[in-house]
Every structure is written in C-alpha cells, then in structure tokens.
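**Q** Below: one structure in structure tokens.
The values are calculated or read from the model by the stated rules, or taken from the named source; none is laboratory data. None of these values were measured; they are calculated from a predicted model. Cβ placement follows ideal geometry from the backbone for every residue including glycine, while neighbour counts extend to all protein chains displayed. Remember, those area values only see protein heavy atoms, side chains included, never the ligands or the DNA or RNA. Shrake-Rupley method; radii C 1.70, N 1.55, O 1.52, S 1.80 Å.
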Amino acid sequence: MTKPDINIALDGLRTGIMLLETELSVLENRRSDLHKTLNTFRVRYNAELGMLLGEILRLRLEQFRKLRDSNPDREDDFRDAESDYRKHKETMRETRDEVVHELSKSRDRELQQKFHKASKLCHPDLVDESQKARATEIFMDLNNAYYYNNLDRVSAILEMLEKSRHGLAGKSEGLSTRELLEMHETRLRIDIAKLKEDIAGISSSTSYRLISEIEDWDEYFADLKRKMEYERDELEKSLTKTDGEGGL
C-alpha cells in the first residue's frame with residue numbers, strides 16, 4: 001500500500017472513530033439521564049415519605065413482636081420486620097442531607113446542555129491515556145452534580161474544562177499509528193455495546209417503568225402519602241386494640 005493510500009485509510013479510520021466517539025457520548029448522556037430520573041425520584045420519595053414509611057415499619061415491627069410473643073412460629077416474620085426497619089433507618093441516615101435542586105425549565109435546559117458539553121470533554125474513553133485518571137475523577141464529579149441538578153457545579157466544571165482543554169487532549173487527536181487507532185476503535189465498540197446493555201437494563205427495570213408511567217409526580221406522591229397515612233393509622237388502631245385486650 002502506497003503512502004497516500006495508507007494516509008487515506010488512516011483518515012477513514014479516524015473518521016469512523018470520531019463517529020463512534022460521538023455515539024458513545026450520546027449513549028453516555030442517555031444513561032446519565034436515566035440515572036438522574038431514578039435519583040431524583042428516590043431523593044424526593046425519601047424526603048416526602050421516608051419518615052412516614054419509618055413509622056409504618058416501626059408499627060409493623062411492634063405488631064410482629066406481639067404475634068411472636070404469643071406464637072413462637074412467627075419468629076421469622078418478626079426478624080424480617082426487624083430487618084426492614086433497621087435497613088430503612090440506615091437508608092434515612094445516609095440520605096438525610098441529599099437535596100435535588102429545583103430548577104426552572106430554562107435552567108434545566110441549561111443544565112442538560114452544559115452537562116452534555118462537559119461530558120464530551122472529560123469522558124475517560126475520549127481522552128489521552130495519560131489523562132484517564134484525572135478525566136475519571138472529573139467525570140464522576142460532573143455526573144454527581146448532574147444527578148442533583150447542581151447547575152452551579154456543572155457550570156464550574158465546564159468552565160474549567162474549556163480553559164484547560166489542552167490538558168485533556170482527545171484520544172483520537174493523539175493517535176497516529178493504525179494499530180493504536182484500531183485498538184481504540186475496538187475499545188469504543190465494546191464500551192458502546194456495554195452502554196446499550198446498561199440503558200436497556202435500566203429502561204426495562206421495574207423501578208424505571210413505574211416512574212415512567214407516572215404522569216404527575218405531585219399527584220402521585222400526594223396519593224401515596226394518603227394511602228400510607230391510612231395504613232399507619234390502621235396499624236396504630238390495631239395495636240391499641242390488642243393492648244386493650246391484653247395482647248394477642
């Protein structure tokens with residue numbers, strides 16, 4: 001193969017890699033959007049209903065304690081209720097400081113635009129190998145800010161990346177030999193396949209399907225709160241009744 005032919009082949013390979021890098025970026029953004037939706041729902045659920053759920057689990061625990069005291073065969077039910085209550089307390093302790101910032105539609109669009117732009121500049125698979133560790137650190141910080149609608153943090157990361165773009169040189173820009181290009185192309189194809197698998201898994205998960213079917217989150221949480229308050233009140237009545245009767 002002559003030198004011009006080799007150059008044409010390498011240019012074609014680089015073009016293909018650029019297209020794969022774009023696809024990778026688009027898929028990464030899609031996965032981040034799915035995780036952001038799940039995270040926003042989780043934080044809101046814990047904030048609005050976490051304490052109420054804790055009350056219900058505590059009452060259930062007390063209910064099964066009484067059942068166990070009168071019937072040793074209910075020991076497993078009591079242990080399960082105890083485990084549920086303990087896990088919920090731990091979850092509430094871990095998430096008590098979590099806040100998803102409220103954004104207007106215009107600021108939410110700004111958040112998405114800046115996140116997508118920044119993610120292209122620091123994705124670990126799109127930078128030179130020498131910058132991979134630093135890019136991974138920045139990318140994790142960027143995603144965390146995005147999940148919590150932290151526009152100020154996303155803006156700051158984007159500004160930093162744009163100012164230091166030379167420090168996170170794109171991988172396709174630095175590759176020259178055919179072997180390196182082909183290795184990078186293979187890595188991109190593997191990562192793209194994994195992203196597609198992740199996206200399919202999240203999209204088909206029970207949690208995401210439930211959330212995606214909710215038309216109005218405000219109405220959903222208000223209705224769920226009413227149902228949970230009813231369950232709590234019924235449990236309290238049941239326990240009061242058994243106390244008055246001297247136990248089950």
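**Q** Just give me the residues in the stretch 16-64 being of a type in the set (S, T, N, Q) and either free of Cβ contacts under 8 Å to residues at least 12 places away in the same chain or under 17 Å from Ile199 (Cα atoms) (or both), in sequence order.
**A** Residues satisfying the conditions are Thr22, Ser25, Asn29, Ser32, Thr37, Asn39.
**Q** Could you tell me which of the residues Leu151, Leu142 is of a type outside the set (Ser, Thr, Tyr), free of Cβ contacts under 8 Å to residues at least 40 places away in the same chain and under 23 Å from Val99 (Cβ atoms)? I'd like the intermediate steps shown before the answer.
**A** Working: Leu151 fails: free of Cβ contacts under 8 Å to residues at least 40 places away in the same chain.
Sole residue among the options that is of a type outside the set (Ser, Thr, Tyr), free of Cβ contacts under 8 Å to residues at least 40 places away in the same chain and under 23 Å from Val99 (Cβ atoms): Leu142.
**Q** Quick check, is Ile199 outside any helix (DSSP H, G or I) and either acidic (Asp, Glu) or within 28 Å of Phe41 (Cβ to Cβ) (or both)?
**A** no
A quick yes/no check of all residues on (1) closer than 23 Å to Lys227 by Cα; (2) in a helix (DSSP H, G or I); (3) not aromatic (Phe, Trp, Tyr):
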position	(1), (2), (3)
Asp11	no, yes, yes
Glu28	no, yes, yes
Ser32	no, yes, yes
Tyr45	yes, yes, no
Glu62	yes, yes, yes
Glu75	no, yes, yes
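**Q** So, one more: Give the residue, chosen from Arg187, Arg226, that is modelled with pLDDT of 95 or more and open to solvent by 70 Å² or more (accessible area, probe 1.4 Å). Step through it out loud before you land on a result.
**A** Numbers: Arg187 fails: modelled with pLDDT of 95 or more.
Result of the check over Arg187, Arg226: Arg226.
Residue by residue, here is whether (1) open to solvent by 60 Å² or more (accessible area, probe 1.4 Å); (2) basic (Lys, Arg); (3) touching a Cys at 6+ places or on another chain (Cβ under 7 Å) holds:
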{"residue": "Lys87", "(1), (2), (3)": "yes, yes, no"}
{"residue": "Met92", "(1), (2), (3)": "no, no, no"}
{"residue": "Glu98", "(1), (2), (3)": "no, no, no"}
{"residue": "His101", "(1), (2), (3)": "yes, no, no"}
{"residue": "Ala118", "(1), (2), (3)": "no, no, no"}
{"residue": "Ala133", "(1), (2), (3)": "yes, no, no"}
{"residue": "Tyr146", "(1), (2), (3)": "no, no, no"}
{"residue": "Val154", "(1), (2), (3)": "no, no, no"}
{"residue": "Leu158", "(1), (2), (3)": "no, no, no"}
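**Q** While we're here: Could you grab me the full set of residues in the stretch 9-38 that are open to solvent by less than 50 Å² (accessible area, probe 1.4 Å), within 30 Å of His88 (Cβ to Cβ) and either in contact with an Asp or Glu (Cβ under 9 Å, 6 or more places away or on another chain) or among the small types (Gly, Ala, Ser) (or both)?
**A** Passing the criteria: Ser32, Leu34.
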